[in-house]
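Structure first, commentary second.
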Amino acid sequence: MVAESGTAVRADLPHRTMPRARLTVTDVSKSFSGRTVVDVDSLTLGDHPIEGLIGPNGAGKTTLMRLIMGSLKVDSGKIRLEREGRREIELSRLPAHKIAQSGVVKSNQVITDFEGLTILDSLLLSVTPARREHPLHLAGERATYDEHRAAIERQLDDFGLEDSRRVALSAGEKKLVDIIRCLLLRPAVLLLDEPTAGLPGEVTRKVMDAVEKLAADGTTVVIIEHDLAVIWRLCAQVTFMAEGRVLLRGEPSDIREHKTVVESYLGQGHV
Amino acid sequence: MVLDTFLITGLFNVVMLIGLALLLHLQLGLTRIANFGVVGFWGVGLYTFGVLYVRVDWPFEDPIQFVVCAVLATAAAGLCGLLIGWLIADLDVDGVLVGTLGFATAVAILATTEQGLTGGARGMGGLRFPYDSGDVAVNELIWLLVLVALVAGILAYVWLVHRAPYGRLLIAIGSNEPLARSLGKPVTRTKLGLFTITSALMGLLGVMYGVMVRFLEVSSLGIEVTLATVVGLVVGGSVRVLGAVVGVLLTVGFFDIVIQSYLPLPAEWYTQTIPLMREVLFGVALILVLVFRPLGLLGHMRRDRLMKRIHGG
């Protein structure tokens, strides 16, 4: 299951010391109907280009990502974004769209799309600046396309999406479009919630290559993934969550052999 | 005279409802704001204009008086749009329906009870065209042409919106608000802006109507305007640019002009039977379309064709 060479490739990444955005989560809790689903004392994401977040179902991983993205509000605590040379931003005080504008973007676990919009529409939407989406600015379509044409076509070619002037039909296509939207934004922090779920093997490899390239260019990437081969291959740091808490953090080789992880998540006999 | 007064009035109503349906297309068809209080915003424009024009002793005369009153009435409708839009911003479809319908009802009640200003159930006269050709029928025809120009402008705007990033943003918000937010799109602000502008224009259409009829009656603030607008839009196709035009022509146009003008109906029908029959037929048309062609006669949005036309491929 695990490609042993993955660690070696990861360690060689020259950008590992590149200044990159960091997310700090401090004393954050979130409850639903009296049940605490996230209770994180302290967690920093972004010391490494790509970090993994693993744990059994119901561990609070996706909820933590939603708290970071502002689609859920924290009950208490703070989530901050630190970027070198810029003022620290307290994300937990911002509305969701401001968080995205500050450079934190997430691809979705649940397949989601804009009904009625074509693939090209969907990609152009992600890169169109606010000034061109004004009700009195009705002539910016061609200019937006011309500015981003090369990047969009490169991504479409890389992922084998040939006809972008149609709506995405399959779940896999919608998932891919969701990921490409995130890649086009070149975010400071990219949160990927099960990015490879529902994608064929070849496309999964392309997604991972694209994520690695983005990380190499300075984006901090955090991945939730049940396909642990992806985690072991890409991540330099892995956080293990269970019952809403961060139980362990460390290098993949340490995490995968830790007794707690093996007993509560991986099971005996995992590779 | 080429057109008689009856036909001019009928055409005026059809063109005005096309304008309202086009604005509702932006709200409901693209952004999925289920405004069931169209008549409320239209009525705010109508009555604000009427009250300002008739009750206020302006130091200037037409056409400046008309322009000032029309601008203020349009702004009042826009302000109501901003307020109601803010109140319904986070509600689901049912909440928006009830909220906007409640607003329209409140406007009708205010127009009825504030007798000192609006004349209440007795109505209010004193409105006139901002020009005088010496012939009422010619004045009405000119006013119809002014309305046609205004609605053509609205149609052109809607056409351009479909081809602009702004239109794509509206569709994205209507389709999936959380996803649009996650891409950094200011969903609430965009919806508020749209609702304010379109409500203001609905108010302007109310101003146009007030000048045309020259007598304000609270009965005009009933459900009929909203119903005709919604039925026209849904029958034609709520997501297509021309859906509003086709739908209103096939429903209101067909009934108010073709049937009433060219079918030899008994004269006594015009008081009660025809208005009742109109609502019944509109209801039947709505049900048939929703059952057999839920997206309306013109069907899907077809962004695929539009993207190919704009960007090739």
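The values are calculated or read from the model by the stated rules, or taken from the named source; none is laboratory data. Keep in mind it's a predicted model, so treat the numbers as computed, not measured. As a convention, Cβ positions derive from the backbone with ideal geometry for all residues, glycine included, and neighbour counts pool all protein chains shown. Ligands, DNA and RNA are excluded from the accessible area calculation, which covers all protein heavy atoms including side chains. Shrake-Rupley method; radii C 1.70, N 1.55, O 1.52, S 1.80 Å.
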Antiparallel bridges, percent of DSSP beta bridges restricted to chain A (to nearest 5): 55 percent
Heavy-atom accessible surface, probe 1.4 Å, ligands and DNA/RNA ignored: which residues of region B:128-170 lose at least 20 Å² versus the isolated chain? B:Tyr157, B:Leu160, B:Arg163, B:Ala164, B:Pro165, B:Tyr166, B:Arg168, B:Leu169
What chymotrypsin sites (Phe, Trp or Tyr not before Pro) does region B:61-167 have in DSSP loop regions with at most 15 other beta carbons within 10 Å? B:Tyr131
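Relative contact order, percent, of region B:5-311 when contacts are C-alpha pairs under 8 Å separated by at least 6 residues? Walk me through the intermediate numbers first.
Values: 446 pairs, mean separation 98.9, N = 307.
Averaging sequence separation for qualifying contacts and normalising by length gives 32 percent for region B:5-311.
To the nearest whole percent, what portion of all C-alpha pairs in chain A is separated by more than 27 angstrom?
Details: 14583 of 36585 pairs.
Tail of P(r) above 27 Å: 40 percent of Cα pairs.
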Which parts of region B:271-313, residue by residue, lose 40 Å² or more of accessible area when the rest of the protein chains are there, as against the chain isolated (1.4 Å probe)? B:Arg303, B:Met307, B:Ile310, B:His311
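Within chain B, which is the longest segment that contains none of the GluC sites (Glu not before Pro) sitting in a DSSP loop with at most 16 other Cβ atoms within 10 Å? Spell out each step's value before the answer.
Working: sites that count: B:Glu61, B:Glu114, B:Glu217.
So the longest stretch without any such site is B:115-216.
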Across chain A, where is the longest run that never hits trypsin sites (Lys or Arg not before Pro) in a DSSP loop with at most 14 other C-beta atoms within 10 Å? A:88-271
Of the residues A:Ala139, A:Ala188, A:Ala151, which exhibits the maximal mean-square fluctuation in a Gaussian network model of chain A defined by a 10 Å Cα contact cut-off? A:Ala139
Checking B:Gly210, B:Gly134, B:Gly299 against a Gaussian network model of chain B (alpha-carbon springs below 10 Å), the top fluctuating residue turns out to be B:Gly134
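At most 16 other Cβ atoms within 10 Å and a DSSP loop assignment: could you name the GluC sites (Glu not before Pro) in region A:110-218 that fit? Before the final figure, lay out the partial values.
Details: sites: A:Glu115, A:Glu133, A:Glu141, A:Glu147, A:Glu153, A:Glu162, A:Glu173, A:Glu202, A:Glu212; in loops: A:Glu115, A:Glu162.
Those satisfying the criteria are A:Glu115, A:Glu162.
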I'd like the orientation of helix A:201-216 relative to chain A: the angle between its Cα long axis and the longest Cα principal axis, in ° from 0 to 90, rounded to 10. 90 degrees
Rounded to the nearest 10 degrees, what's the angle between the helix B:187-213 long axis and the longest principal axis of chain B, both from Cα atoms, 0 to 90? 20 degrees
If one takes the longest principal axis of the Cα atoms in chain B, at what angle in degrees, from 0 to 90 and to the nearest 10, does the Cα axis of helix B:64-88 lie? 40 degrees
So, with a 1.4 angstrom probe, what is the percent of accessible area on region B:5-311 that is carbon and sulfur? 70 percent
